[in-house]
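Asks: Below you'll find the structure I mean.
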Amino acid sequence: MILYDYPPLAECYAVRLLAALLDVPLEIRSLDYYPGREHETDEYLDIAPLGSVPALDTGTAVLGDWQAALIHLAAHHDATGQWLPLGDPDRLVAIHEWLAVARALAHSAGVARLHELIGQPAVIERCRTEAHRLLRHLERHLWFGERAGRRWLVEGEQPTIADIAVFVQVILCEEGGVSRLDYPAVRRWIDSVRGIRGFVVTSGVLPLDPTAPVHTLA
């Protein structure tokens, strides 16, 4: 499979991270997203008509939505069904709810980050205010989950694509001026994700302390 990639984008990192956790090889084709705006060229639009980045060429279709790419990877390359439990409607609905939160974070914390990195236009304080509202929601969910013995966003012993989609937005949010200082449960969950065996880093994401426990998927 071919991933059309711009490494600084959190959405691109999400696809690379899940592929690594599933041990799925990707051919990476880097785009000059900024300042070259290669994703707006006729050549790229012929490949990915939405002009979106990332785009994943599966060999049979080009997926121009990053969450669709996560769903494809989990549905086709995870024989355990842990990352996308298609046979469990309740968990599947919960996953889609958290994918919506991830998209809202991309449109708030993510936009604030791109404003700082590449000067993308943004109503910056509105973006940061919305990002903090979403982080408070995430904090409450994780805090109560800890008390119920839940480690991940969705009920179950294993992480799902919801954890990946939300994680990539949250782990990079401080680059957009959105601090995680007031969200201890969020920080603990971040370490849980970084502790999954096979986890890979990107610019702005540090590896977990090597003395910390590693979560091995069943």
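The values are calculated or read from the model by the stated rules, or taken from the named source; none is laboratory data. Worth saying up front: this structure is predicted, and the values here are computed from it rather than measured. Heads up, the Cβs are rebuilt from the backbone with ideal geometry, glycines too, and the neighbour counts pull from every protein chain shown.
Asks: Of the numbered conditions (1) outside the structural domain of V186 (by TED's automatic domain parsing); (2) within 14 Å of T160 (Cβ to Cβ); (3) surrounded by fewer than 13 Cβ atoms within 10 Å (Cβ to Cβ), V93 satisfies every one except a single condition; which is it?
Replies: (1)
Asks: Just to check your reading of the model, which residue among Y33, Y44 is assigned to a helix (DSSP H, G or I) and surrounded by 11 or more Cβ atoms within 10 Å (Cβ to Cβ)?
Replies: Y44
Asks: What are the residues in segment 104-118 that are closer than 10 Å to E130 by Cα and among the aliphatic types (A, V, I, L, M), if any?
Replies: Hits for segment 104-118 are A104, L105, A109.
Asks: In the set A106, A122, which member is in contact with a helix residue (DSSP H, G or I) (Cβ under 7 Å, 6 or more places away or on another chain) and not in a helix (DSSP H, G or I)?
Replies: A122
Asks: Select from segment 199-218 the residues that are among the small types (G, A, S) and either modelled with pLDDT of 95 or more or over 16 Å from F167 (Cα atoms) (or both) and list them in ascending order. Let's see the steps before the verdict.
Replies: Our first condition is that a residue be among the small types (G, A, S); within segment 199-218, this holds for 203-204, 212, 218.
Residues satisfying the conditions are A212, A218.
Asks: Scan segment 54-72 residue by residue and report those that are closer than 13 Å to I2 by Cβ and in contact (Cβ under 8 Å) with a residue 40 or more places away in the chain.
Replies: Matches in segment 54-72: P54, A55, L56, D57, T58, G59, A69.
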